[in-house]
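Scroll down for the structure; my scribbles are underneath it.
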Amino acid sequence: MSADKPSLSEVIAMQIRETGPMSVATYMGLCLSHPREGYYKGADPLGAAGDFITAPEISQMFGELIGFFCVNLWQQLGQPKSFTLLELGPGRGTLMADMLRVACRAEGFRDALQLRLFETSPGLIAEQHRRLEPYEPQWINSFDKVGSGPLLVVANEFFDAMPIRQFVRTDQGWNERLVGLSDDKLAFGLSPTPIPPTTMPAALADAPPNAVFEVGFAAGEVMSRLSRLVAAQGGAILAIDYGYGRTQTGETLQGVRRHAFADVLDAPGETDLSAHVDFEALGNVARNAGLAVQPLATQGEFLSRLGINERTRALSAANPGSAKDLEAARNRLVAPDQMGDLFKVFCAASPGLQPPGLSA
Ligand SMILES: C[S@@+](CC[C@H](N)C(=O)[O-])C[C@H]1O[C@@H](n2cnc3c(N)ncnc32)[C@H](O)[C@@H]1O
């Protein structure tokens, strides 16, 4: 270790020595977003050379169909002369570039568009700049800067990166899982004091010993803030992520490095950490703000309803040499044993709007 630049693992160990064990959410937040050593502050994590691959990086069709989705909603909103399109965690900007290539063909869409990007990674902001400059994006670090007027929000694999807290069923009730030190190494432990039982959902009263319950307070906070804006200004929030439709127990926090699962306590800052999203909890937050929450769809259902089969055929007809690759990409995005069932599509919208692709 150099005297002026401790590794993130050392930073976390020092913090634990000073103030005691930390929640899983604090640990996850430091691992992903520490200003110097956080995972998203480093090199581009996406693609074959990185740690994982996402749907927009698999095929342009993913973004194109979401572009049609946005045009449809903009038209339902009465084609406002000015509206905000906000993407949370835009990665390399691929999704937005594919979306806007098709959406801006709709007359008036480009002139009305105010593009806002919410991103923490300096490296990815540079990539987004390169791809999206013609659309004059503005990067925002606070939702206060979203602007007035109708608001469409898009997020792919963003909410799974929001820190979660974990609670474990014990003889005493529910005790929070904490990250502490054992033999000077990061290790999981439990808070000695159980949390008040009334703070847990009633549905978990019969959870078996050692059951783990995960709570995404940060995701809920983001959803709450954006839902209130959409309720006041009109619009919709589309979030695609792996997750579940009913609040449930189960440990889903995972580490991924170089396209393989990795120990979440191993190499903090070099391992991507994520957790499945509790869409029921996010839906309750959006409903409380006054939005209509659509039935949760699988990614396979959503893309099929939006026309991925027809799009595959059209692109294949135009580029016969790419037909095999296009079919392989389509299959990867929608097949139930690939991404089709694992990834879910959540949409909360102003009452009266009918977001396409969410119901049969
Ligand atoms: C798994 S990547 C997904 C990227 C892109 N949406 C895609 O589908 O390819 C997560 C994205 O969220 C961003 N991100 C993670 N935590 C964030 C935070 N706290 N605030 C803003 N952006 C964040 C990352 O930098 C990255 O762009």
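Listing for the model above:
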{"read-out": "Residues of segment 40-91 that turn out to be assigned to a helix (DSSP H, G or I), closer than 21 Å to F261 by Cβ and open to solvent by less than 10 Å² (accessible area, probe 1.4 Å), as a count", "value": "1"}
{"read-out": "Selection within segment 227-257 - out of contact with any Lys or Arg (no Cβ under 9 Å at 6 or more places or on another chain), open to solvent by less than 10 Å² (accessible area, probe 1.4 Å) and either farther than 18 Å from F279 by Cβ or more than 13 Å from the ligand (Cβ to nearest atom) (or both)", "value": "V230, G235, A236, I237, G255"}
{"read-out": "Condition check for F69: under 24 Å from S304 (Cβ atoms) and more than 9 Å from the ligand (Cβ to nearest atom)", "value": "yes"}
{"read-out": "Only one of G78, G50 that is not acidic (D, E) and not assigned by TED's automatic domain parsing to the domain that holds V334", "value": "G50"}
{"read-out": "Counted residues, segment 139-149 - those being free of Cβ contacts under 8 Å to residues at least 24 places away in the same chain and of a type outside the set (G, A, S)", "value": "3"}
{"read-out": "Residue in segment 340-357 that is in a helix (DSSP H, G or I) and open to solvent by less than 20 Å² (accessible area, probe 1.4 Å) present", "value": "yes"}
{"read-out": "Residue pairs meeting the criteria (Cβ under 7 Å; at least 6 apart or on separate chains; first farther than 19 Å from Y39 by Cβ, in segment 85-98; second part of a loop (DSSP other than H, G, I, E, B) and more than 6 Å from the ligand (Cβ to nearest atom))", "value": "L86/V146"}
{"read-out": "Residue check for R36: touching a residue at least 40 places away in the same chain (Cβ under 8 Å) and among the charged types (D, E, K, R)", "value": "no"}
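The values are calculated or read from the model by the stated rules, or taken from the named source; none is laboratory data. Treat the numbers as computed from the prediction; the structure is a model and nothing was measured. Note that each Cβ is placed from the backbone with ideal geometry, even for glycine, and that neighbours are counted across all protein chains shown. Ligands, DNA and RNA are excluded from the accessible area calculation, which covers all protein heavy atoms including side chains. Shrake-Rupley method; radii C 1.70, N 1.55, O 1.52, S 1.80 Å.
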